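Presented below is the structure to which this report refers.
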Amino acid sequence: MRRPSKKKAVAPRKTGKDHAAPPSPDLDLQVWIEALRALPAASVTETEVLAWTEGPLRNFFPFEKFLGAYGNLSGGRIQMRSLVSSGHAPDFLAGLESKFDLKSRVVGVQP
């Protein structure tokens, strides 16, 4: 994970009736800023990612369960190298495939 750039933010362009929506008054943006400041720096361990996810990130996005994965893609096949999870039962995690072919995945709207 990388820290956000220190560059000055650029406001979204406004064209015609397409205006950027103001932040919701229900959002506590200070909590989001604190979550971004708490991001682990440089190389991080899965434990650090999970601690950040269950702590500062959850303070802003109050989720029940989290599943993150990373791996590699080669020749149309994905192989997950590691999972980071919070709130999922071990039997759910054990049932996940670690390798699959992208072409075998159905994408689209179900009738």
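The values are calculated or read from the model by the stated rules, or taken from the named source; none is laboratory data. Quick caveat, the model's predicted, so the values are computed rather than measured. Quick reminder, even Gly has a Cβ in these numbers, built from the backbone with ideal geometry, and neighbours come from all protein chains shown. For the accessible areas, the whole protein counts, side chains as well, though only heavy atoms, and no ligand, DNA or RNA atoms are used. Shrake-Rupley method; radii C 1.70, N 1.55, O 1.52, S 1.80 Å.
In region 27-35, is there at least one residue being under 24 Å from L83 (Cα atoms) and either of a type in the set (D, E, K, R) or touching a residue at least 24 places away in the same chain (Cβ under 8 Å) (or both)?
Yes, there is a match, as at least one residue in region 27-35 is under 24 Å from L83 (Cα atoms) and either of a type in the set (D, E, K, R) or touching a residue at least 24 places away in the same chain (Cβ under 8 Å) (or both).
Scanning for something open to solvent by less than 80 Å² (accessible area, probe 1.4 Å), on the phi > 0 side of the Ramachandran plot and at pLDDT 85 or above, does region 50-59 turn up at least one residue?
no
When you check F63 against the structure, is it at negative phi and open to solvent by less than 60 Å² (accessible area, probe 1.4 Å), yes or no?
So F63 fits the description; yes.
Among the residues of region 69-98 satisfying the criterion of being under 21 Å from E48 (Cα atoms) and loosely packed, with under 10 Cβ neighbours inside 10 Å, which is nearest to the chain's Cα centre (by Cα)?
First pass over region 69-98, keeping only residues under 21 Å from E48 (Cα atoms): 69-71, 80-90, 93.
Cutting the leftovers down to loosely packed, with under 10 Cβ neighbours inside 10 Å gives us 81, 90.
Numbers: R81: 17, P90: 21 Å.
Step by step, filter region 69-98, then rank; the result is R81.
Could you figure out which of (1) open to solvent by 50 Å² or more (accessible area, probe 1.4 Å); (2) at pLDDT 90 or above isn't true of S43?
Of (1) open to solvent by 50 Å² or more (accessible area, probe 1.4 Å); (2) at pLDDT 90 or above, only one is false for S43: (2).
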